[in-house]
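Okay, so here's the structure we're looking at.
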Amino acid sequence: MTKWISVKDGMPDYQEEIIIFTTDKVVTSSLFVKRYPCYDKDELYFEKNGFVISEEEGTYFKFNEVTHWMPLPEPPKEKP
């Protein structure tokens, strides 16, 4: 069984599909990315190391908002 890994103990590989747990107790699938876009008063800049949920919708979590992560579990072996 897959277990939660603290971000203090290690990080996933870049672009690895994972599940994250945030400081606000959000659990969702995500990718770990090297950089992601941010805006400050309509000015674009990039932050390093973040977790993206949907690049199309621009949904990102900053590194300090994520406390734990785990690899995706294996899919079910039985067909429905």
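I want to check the label-to-label distance for Thr2 and Glu74. Put each point 7 Å from Cα in the C-beta direction and report it in nm to one decimal.
Computed distance between label sites Thr2 and Glu74 equals 1.3 nm.
Amide H neighbours of Ile5 under 5 Å, at least 5 residues apart or on other chains, H built in the peptide plane: list them.
Trp69, Met70
Readers should treat all values here as calculations from the given coordinates under stated rules, not as data from a laboratory. Remember, it's a predicted structure, so these values are computed and weren't measured experimentally. Ideal geometry is used to build each Cβ from the backbone, glycine not excepted, and the neighbour counts take in all protein chains shown.
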